[in-house]
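Have a look at the structure below before the remarks.
Just so it is clear, none of the values below were taken in a lab; they were calculated from the coordinates. Fair warning: this is a prediction, and the values are worked out from it, not measured in the lab. Please note: Cβ atoms are built from the backbone with ideal geometry, for glycine as well, and neighbour counts cover all protein chains shown.
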Amino acid sequence: MNSSALIHALVDGVLTGSVYALMATGLTLVFGVMDIINLAQGILVILGAYLSYTLSVHFGVDLFVGLLITIPTLFVVGIVIERLFVARLKGPERTAMSILVTYAISLVIEGILNEVYSINQVQLQAWYVNRSFPIFGIYLPYIYLLGFILAAALLGSLYYMLYRTRFGASIRASLSDQTAAALVGIDTKRVATICFGIGVAVTAAGGMIYGATNAFNASSSYDLISRLLTIIVLGGMGSLGGALVAGILMVMLQDIVAVVWSPIWSSMSFFVVLVIVLSLRPQGLFGKQSARVA
Amino acid sequence: MKKLGNLWRTVGVTSVAASTMLMMANASGAAPKSHALAPIKIGISLSLSGDFSADGIAFDQGYKLWAADVNAHGGLLGHQVQLDVVSDASSPTQVVTNYQKLITNDHVALTFGPFSSLLSLPAAKIAARYGYAMIEGAGGAPSVFQAGLNNLFDVSLPVKDSLVPFAKWIAALPKGKRPANAAYVTTNDAFTEPQIPVAQSIMKAAGIKTAYYSVFPSETTDYTPIADAVAAAKAQVVVLGSVDVPTVSSFMQAFEQAHYNPKVFIATGGPDQGTTFAKAVGIKNANGVMVPNGWYGGATTPGAQAMVAEYVKKYGGTAATISADVAEAYSVGQITAQAVKATGGFNNAKIIKYLHSGVVLSSVQGPVKFDKLGENNEGTAFTFQWQGSNFVQVNPVSSKASKPVLFPKPVWGK
């Protein structure tokens with residue numbers, strides 16, 4: 001085993017894991033506030049990647065500058081999905097029904113993307129996508145560093161909004177207990193709609209980084225959603241901090257096992273950890289059982 | 001009663017009038033002069049989505065191209081060919097369901113194979129259950145033939161021999177130019193894994209040391225740590241066992257980011273995907289990348305250039321950007337047509353017996369002759385290389401059509 005490969009694996013784990021954490025944050029936020037499991041999150045990440053692709057290839061817009069357009073666009077897409085489909089789900093079967101509804105939405109979006117962009121894989125290109133710079137004996141890819149900075153900035157903004165603003169207090173109140181939040185005058189429906197919009201909006205940033213580091217097509221969404229669901233289950237459903245820790249842990253563990261042991265065992269190693277954690281803490285690393293009971 | 005009598009009279013008069021009009025129409029030649037034979041249905045399951053979708057679509061194009069061609073020339077024994085194509089989403093489970101449905105529900109007369117060894121074997125097992133021949137173009141892994149199915153026929157080259165011309169070329173390089181070491185990394189796929197040890201043993205015999213050897217699971221999506229480990233080994237040759245474009249592009253991206261430029265880079269699948277590959281990695285990065293295959297757009301085998309011209313007319317692009325999958329699928333149709341013609345019908349038992357008879361058939365990929373396991377032992381392996389925007393044959397060196405290898409491979413992006 002080469003020590004530089006191990007350092008690389010560690011660094012890649014932190015940098016890439018943070019981007020997965022960002023994508024998973026949207027998923028866990030929506031579940032925490034609304035008890036909705038959004039299976040369309042994976043295809044929405046791919047939609048974000050395709051929007052960046054369109055702006056870059058057809059309009060020459062830089063990938064990061066393009067986020068000024070794609071983030072608001074996906075926020076609106078999220079609002080529309082929530083108003084048209086998710087808000088109509090009522091009753092005790094709401095969570096289970098949300099799986100079916102959002103899966104149907106993901107299939108529709110996948111079909112549209114296949115029709116518009118074809119099923120041939122593409123990858124986002126920019127000068128910083130393939131370049132890297134030397135630091136402490138390894139080459140650090142610009143795109144991974146920029147992705148980490150972007151994820152950190154967005155997660156920081158999300159954290160600030162949640163803990164330093166009045167609207168954030170409303171979200172946290174809804175996260176803890178929706179009925180109690182409504183009783184103290186919080187418009188929980190509005191909070192839910194905006195939360196869903198935010199949850200989808202972050203896929204624009206996640207999708208751009210994903211598309212710059214992987215060749216993708218609409219089918220890539222299946223792998224993505226399975227990873228994102230795994231992250232939020234390990235971190236604790238509804239926990240933003242849990243998503244961050246689990247995202248980094250997942251990628252870092254897989255990368256280290258691939259380098260130190262064998263790539264054959266890398267995926268399995270993470271699931272072994274997942275099973276162990278869930279057998280000890282069924283609510284995940286940072287999940288709160290009481291909140292879900294409510 | 002009177003009303004009923006009138007009704008019968010009206011019906012009778014109308015019938016006579018209609019019959020007379022039909023007879024007159026026949027006499028004037030308005031109706032077909034001869035009875036057209038019923039169309040013949042061929043059932044195919046293809047990976048139109050999922051991991052193998054790029055190859056699945058190319059196969060779809062190849063099959064459709066052949067069907068259009070054969071129909072334009074009067075069909076199979078006078079029957080127009082109808083392709084019944086269903087998608088299996090690259091799933092070995094779905095492919096079983098699909099062929100079950102095609103045979104028992106759609107009552108297709110013949111079956112053509114899906115894409116990949118992973119799907120061909122379960123497909124052939126289902127076909128065998130109903131006595132159907134499974135003629136396919138992309139199921140050449142040893143594990144497929146080891147099943148000992150009597151109904152399976154792969155018109156392409158057995159995959160284990162694919163890297164042989166490449167490995168022999170490396171081994172034959174003058175000592176001063178010959179690379180000192182090589183890294184071998186492959187996905188655990190029935191198509192890729194058998195190729196690597198064959199190449200490794202040839203290169204090892206020539207004194208090329210193994211700097212790195214690793215197998216990664218086919219469901220891997222983050223290739224960065226594996227690619228970084230390959231880069232850290234600093235091997236001069238990289239042999240990558242891959243089945244698709246994303247795998248190759250991810251390795252290439254990680255190599256470039258690590259400032260690692262091997263002298264030779266060959267991937268078993270992906271670089272043969274024409275424009276799909278070039279778009280994913282960028283045409284400059286493709287320069288010097290090699291891939292083994294049984295066919296390319298410049299092939300001079302009988303019928304190849306006619307197929308290329310038809311492809312370009314129908315789907316656009318150039319000869320260089322046509323995937324070898326198209327030729328593999330087209331060859332399946334050609335071999336089937338020859339078997340149908342020779343046996344005088346669509347009886348699958350007769351077709352299977354005929355294909356096992358040792359007869360040498362012809363396809364756009366070259367001659368086809370099946371052994372008792374259904375392997376095509378007449379197939380020839382080639383190595384191709386991206387040189388600028390061209391995809392050219394470089395091996396076997398003895399072939400007149402082979403161009404000189406671009407060696408060492410230019411640094412990424414040059």
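What the table shows:
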item: Equivalent ellipsoid, chain B (semi-axes from 5 times Cα gyration tensor eigenvalues, Å); result: 50, 21, 20
item: Shielding by partners - mean other protein chain Cβ count within 10 Å, residues of A:251-257; result: 2
item: Principal axis dimensions, the stretch B:320-404 - Cα atoms, whole angstrom, descending; result: 48, 24, 19
item: Derived scalar couplings ³J(HN,Hα) [the stretch A:158-168; Karplus, 6.51 cos²θ - 1.76 cosθ + 1.60; whole Hz; x for Gly, Pro]; result: 5, 4, 4, 4, 5, 10, 10, 10, 5, 5, x
item: Distance (nanometres) between label positions extended 7 Å along Cα→Cβ at A:Tyr159 and A:Thr179; result: 3.4 nm
item: Point-to-point label distance, A:Val57-A:Arg172, nm (Cα→Cβ direction, 7 Å offset); result: 4.4 nm
item: Under Karplus coefficients 6.51, -1.76 and 1.60, residue-wise ³J(HN,Hα) of the stretch A:117-133 in Hz, glycine/proline x; result: 9, 6, 9, 5, 5, 10, 9, 6, 10, 6, 4, 8, 5, 9, 8, 8, 9
item: Calculated from backbone phi, Karplus (6.51, -1.76, 1.60) coupling profile of the stretch A:92-98 in Hz, x at Gly/Pro; result: x, 8, 4, 5, 5, 5, 5
item: Relative exposure of B:Met134, A:Met252, judged by other C-beta atoms within 10 Å (fewest first); result: A:Met252, B:Met134
item: Linear extension gain, B:Ser201 paired with B:Asn390, 0.36 nm per residue minus alpha-carbon span; result: 65.0 nm
item: Test item: A:129-142 mean partner chain Cβ contacts at 10 Å; result: 3
item: Residues with amide H under 5 Å from that of B:Phe384, placed H, sequence gap 5 or more; result: B:Val291, B:Asn293, B:Val394
item: Amide hydrogen neighbours beyond the local backbone of B:Ser363, cut-off 5 Å, H modeled; result: B:Val368
item: Peptide B:246-259 - average C-beta neighbours from other chains (10 Å radius); result: 5
item: Segments A:224-236, B:74-86, A:84-96 sorted - mean Cβ within 10 Å per residue, highest first; result: A:224-236, B:74-86, A:84-96
item: Farthest toward positive dipole pole in the protein assembly as shown [+1 Lys/Arg, -1 Asp/Glu at C-beta], among B:Gly344, B:Asn390, A:Thr54; result: B:Gly344
item: Cα pair distances of the protein assembly as shown binned at 10 Å [whole percent]; result: 3, 14, 22, 21, 17, 11, 6, 3, 2, 0, 0
item: Residue among B:Val360, A:Asn38, B:Leu240 farthest towards the positive dipole end of the protein assembly as shown, charges placed on Cβ; result: B:Val360
item: The protein assembly as shown - mean residue ellipticity at 222 nm from DSSP helices (-39,500 (n - 2.57) per run, n ≥ 4, rounded to 500); result: -18000 deg cm²/dmol
